[in-house]
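Okay, structure first, notes after.
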Amino acid sequence: MVNDEKNNGNDYQYIRISYNLTSKTPVHPDLTKITITPKTRITQGDDYNTSVITVENHSGTHVDAPSHFLKDGRPIYTYGPDELIFNSLLLLDLSKTADELINKEDFRTALEQFETDQLDFDCILIRTGFGKYRETDPEKYLTKNPGISPEAVSYLRGKLPKLRCLAIDTVSMSRYGRMREMIEVHQTAFQEKAEFGKPLLFVEDLNLQSLQSGMILEEIMIIPWQVEGIDSAPCTVLVKIKSN
Ligand SMILES: [Zn+2]
């Protein structure tokens, strides 16, 4: 993947880990389906091509901001570039099956290998392996996804004061069909609390299959659609990888 022609001799390369939005993008069963409708077409005698797209804001790869679950929480369009770029990344392989919980113990074990002064992560990418079902079994991908527990979110915010983002290869950070758990997971992530650092952002439905375990991830850039009046938004996510 990392090759000299592509990266113009630089010792780094950017790769994109967000999915394309298509009319077939699997979306949560409660959401409006995506439509992409040609409005004008050169092939139909029009002078130019244009299209109308209909997309609910939690479709495809997207970023959840505090306003999604909190009355006074910040919406994503108020975040500046510096708040959407992360430089201390951890890719965690936590292999999970259908409906399985990602719990505090998973993170405690994973973080044991680091000294206290190394615990300066600002973004954790959680790779459950569930992304493989997105194409092969969208129904399973949408309704049986593993999800993080509220206790795990609280543990991470307490343990990692610089943490500002959690990202995952499932359709949602929380398991499907468990309303109470979903609300608690999101509120715990988004609440302002004296003992925690900044409220978290969640990036969901991310393509983590293209990241190889040996890669050195130097930076992640989350680039949401800039739309006023919405809580969260679809986003493009770029990762800067060190070449050798
Ligand atoms: Zn969402």
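Nothing in this text is a laboratory measurement; each read-out follows from the coordinates by a stated rule. Only a predicted model underlies this, so the values are computations on that prediction, with no experimental measurement involved. As a convention, Cβ positions derive from the backbone with ideal geometry for all residues, glycine included, and neighbour counts pool all protein chains shown.
Roughly what would the spin-label model give for residue 242 and residue 135, points 7 Å off Cα along C-beta, in nm?
3.1 nm
Please compute the length gained on full extension between residue 30 and residue 194, using 0.36 nm multiplied by the number of residues separating them and subtracting their Cα-Cα distance.
Using 0.36 nm per residue and subtracting the Cα-Cα distance, I get 55.6 nm.
Looking at the chain from every direction and averaging, what is the projected area of its Cα convex hull in nm²? Can you show the working numbers first?
Numbers: hull surface 62.2 nm².
Value for the chain: 15.5 nm².
Pull out the extension gain between residue 53 and residue 109, defined as 0.36 nm times the separation in residues minus the alpha carbon to alpha carbon distance; nm, one decimal.
Details: separation 56, 0.36 × 56 = 20.16 nm, distance 4.39 nm.
Between residue 53 and residue 109, full extension yields an extra 15.8 nm.
Report the label-to-label distance for residue 143 and residue 117 in nanometres (one decimal), using points 7 Å from each Cα along the Cα→Cβ vector.
Result: 5.2 nm between the two label points.
What are the equivalent ellipsoid semi-axes of the range 202-244, built from the alpha-carbon gyration tensor (square roots of five times its eigenvalues), in whole angstrom, biggest first? It would help to have the intermediate numbers written out before the result.
Details: eigenvalues 136, 25, 8 Å².
Semi-axes (√(5λ), whole Å): 26, 11, 6.
Just for the range 12-242, what percent of DSSP beta bridges are antiparallel, to the closest 5? Could you put the intermediate results ahead of the total?
Values: 26 of 40 bridges.
In the range 12-242, DSSP labels about 65 percent of beta bridges as antiparallel.
Given the Cα-Cα distance of residue 95 and residue 180 and 0.36 nm per residue of separation, how much length would full extension add, in nm?
Full extension from residue 95 to residue 180 adds 28.2 nm.
Dipole size in debye (nearest 20) for the chain around its Cα centre, Lys and Arg Cβ +1, Asp and Glu Cβ -1? Numbers along the way, then the final one.
Values: 27 positive and 36 negative charges, 96 e Å.
Dipole size: approximately 460 debye.
Between the range 108-171 and the range 15-59, what is the C-alpha centre distance in whole Å?
So the two Cα centres are separated by 29 Å.
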